1. Which ones in the range 602-641 are among the aliphatic types (A, V, I, L, M), modelled with pLDDT under 80 and in a helix (DSSP H, G or I)?
2. Is there a residue in the range 399-416 that is open to solvent by less than 20 Å² (accessible area, probe 1.4 Å), hydrophobic (A, V, I, L, M, F, W, C) and out of contact with any helix residue (DSSP H, G or I) (no Cβ under 8 Å at 6 or more places or on another chain)?
3. Pairs under 6 Å by beta carbon, first residue over 13 Å from Asp249 (Cβ atoms) in the range 217-229, partner among the polar types (S, T, N, Q) and part of a helix (DSSP H, G or I), six or more apart or different chains?
4. Which ones in the range 125-150 are in contact with a strand residue (DSSP E or B) (Cβ under 9 Å, 6 or more places away or on another chain), part of a helix (DSSP H, G or I) and not hydroxyl-bearing (Ser, Thr, Tyr)?
5. Can you pull out every residue in the range 297-335 that is open to solvent by less than 30 Å² (accessible area, probe 1.4 Å), touching a Lys or Arg at 6+ places or on another chain (Cβ under 9 Å) and not hydroxyl-bearing (Ser, Thr, Tyr)?
6. Run down Ala447, Ala461, Ala465 and say which single residue is touching a Ser or Thr at 6+ places or on another chain (Cβ under 8 Å) and in a loop (DSSP other than H, G, I, E, B).
7. Anything in the range 483-541 that is among the β-branched types (Val, Ile, Thr) and under 12 Å from Cys576 (Cα atoms)? List them, or say none.
8. So which residues in the range 151-171 are farther than 18 Å from Asp486 by Cβ and either in a helix (DSSP H, G or I) or open to solvent by 50 Å² or more (accessible area, probe 1.4 Å) (or both), if there are any at all?
Amino acid sequence: MDKPNDIVMIWSTDFDALWYQRQALAVYFAKAGHRVFYFNKTPHRWPGTIQVAKWLVKKRKKQRQQNLLPENPVIVNPFWLLPIKKLRIVNRKLIEQTLKKLDVKNAVIVTDVPSYNTLDAIEKIQPERIVYLNVHNYDDSSLIVTDILHSEKQIVQQADFLFATSEHNAKRTARISGGRKVFRSLPGVDFALFSKALRNDESQKKKTIYFFGSIHDSVEIKLYNRLAEQFRIVLIGETTQNIKKNIADTIEVRPTVSQKELAEQLKDADILGLFYNKTPYSRGVIPAKIFECLATGKPILVSGIEKDPVYSPFVYHFDGTEQAAIETIKNLPNTETREKIKLRQTAGEQADWQKRFETFHNIIFSNDGSLPKFSVLISVYEKDRPEYFQQAMESIVNQTIKSDQIVLVKDGPVGEDIENLINRYKKQLGALLKVVNLETNKGRGVALAEGVKNCTFDIVALMDADDISLPMRFEKQLNFLKNNPDIDVASCFLAAFEQNPEKVLFVRRGPLSHEDIVKQFRFRFCMNHATSMFRKKAVLNAGNYTDFGGLQDYHLWARMILSGAKMAAIGQVLYCHRWEQELLKRRSGLRRAAQQIKLQREFLRIGFINTPQFLRNTVIRSIAAIAPWKIIRKFRVIFGI
């Protein structure tokens, strides 16, 4: 890697909290030479009143974080609202303001927050890679914003790499993704620090039980309270207000401390107790502090969560009752052996953060060269401008992933300048370029149909002769189709421009998931056709392109949906679409209105829409077609459609 990527970590938790995976990843990325931007406590759940007050204070305080090391990441405290659909327009503005202050380049986004806010940050940042780490069991959490279940599906589909902390969440993420590979990203430990907490007399004293971590509703406070009648109990960590009032006075509650201080305090512990309420949510939990516990070598009692082979052999699982806990503790002099202590510490040593990070880093920056081969399809005709055509071809040639075939369809005779350019590219590209000649101008539908037939490879990337593909487009779309084998068409967002692609008129977005695309498709053409990469067999299965008066793309996509093809979009701008006055004029007027009505009739005939939808679409699309092009231009620039 010549120049390390910037790392943007969008996280739900506070960098200044107890030291977990998030801080370790941030610091080790920084040690590896990356610039790291840690987005602190980005919202994903409904907060309580006190949490909101603390959050607002935190946003306005300039303070040194207690967990920062010499390799400091940049801590960003974004002022973002809850990630719900109703607030998305406002959040987009807030996200834009946050990112304006940062100079993020060639980014990799690593996040455990699968929210609309994260999706919109992805669009703004345009990362080279997206990494989603499933930490929370969102299916069974009453506090989580419900919209997150919808946005999570989109994040999973967009992500280049999927990770999960627990075995349960790994299975959950695999299910959401349709069977993609999900890597385990387990908690870790600074072994050299925590291994010093072992005294070797813990099983004999067995009087003091420690818990450290977030003290919230999932923690079985009632059990700690009952045990506090016979044992000394110490809880270390941030406590929610509703839990704090339920903690017995006999229990000592300490605030969050740095990992160095934590390791020092744990020397006092005889037993480490991880007691959780047995709930659907806790099924997805792997204790974030489990390997720090193991590194100490001390006896560990666990209840309320599912067993996991990565740590269960080294701990004492019990049924969560006071009696079972007491019996387990009383029996420690008989069950604790030097071999058991050594096994714990060995498991902790193998989980050292440096090793965890190296595994994580190697996965996300791996390049196994296994991307599928693909063709690029572009057609040109006599009215295309040579300089625009050259820009389009150069954007194909200069991709980060080189195409295996370029199919260029000459739709009838072209001018001398374009012919000279084609001959130049023939010499430059050799057998890579396949030119298909149509004797007369047949129209774009026929030209594309012939082009598809001449594509050698099943995956085909479309390209318009006057547009520009951004350098990462093909790589992003190929990875997307590789990661989502059930998807047949993958488009992306586009930036509309007139002459200079750096002066963007508007960004044309659209729905990302197949379900959302289908919902909108019966009302409007919500995919950016020219940006698409598709599977040839799915296009041919639907009957290929036809001559449909400039609406061949909409016609084909509707037939593909009816044939069972699945569509999706990448929520990033990977394509620049030239949007000049002549284009608008060609797409307006009575002739265009007649074409729209003809298409809607065809949709009604093939069963893609029903009669009420036909009437609605005919009226709306006819009005849009005959409206003055200047009004349509202004409307599209404002609303980005």
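The values are calculated or read from the model by the stated rules, or taken from the named source; none is laboratory data. If you're wondering where the values come from, they're calculated on a predicted model, not measured in any experiment. No Cβ is skipped: glycine too gets one built from the backbone with ideal geometry, and neighbour counts run over all protein chains shown. Ligands, DNA and RNA are stripped out before the accessible areas are found, and what is left, the full protein with its side chains, is counted by its heavy atoms. Shrake-Rupley method; radii C 1.70, N 1.55, O 1.52, S 1.80 Å.
1. Ala624, Ala625, Ile626, Ile631, Ile632, Val637, Ile638
2. The answer is no, given that none of the residues of the range 399-416 is open to solvent by less than 20 Å² (accessible area, probe 1.4 Å), hydrophobic (A, V, I, L, M, F, W, C) and out of contact with any helix residue (DSSP H, G or I) (no Cβ under 8 Å at 6 or more places or on another chain).
3. Between residues of the range 217-229 that are over 13 Å from Asp249 (Cβ atoms) and residues that are among the polar types (S, T, N, Q) and part of a helix (DSSP H, G or I), the close pairs are Ser218/Ser282.
4. Ile125, Ile148
5. Passing the criteria: Gly297, Lys298, Pro299, Ile300, Gly304, Ile305, Val315, Gly320, Ala325, Ile329, Leu332.
6. Of the residues listed, the single one that is touching a Ser or Thr at 6+ places or on another chain (Cβ under 8 Å) and in a loop (DSSP other than H, G, I, E, B) is Ala465.
7. Across the range 483-541, the qualifying residues are Val504, Val507, Thr531.
8. Within the range 151-171, Ser151, Glu167, His168, Asn169, Ala170, Lys171 qualify.
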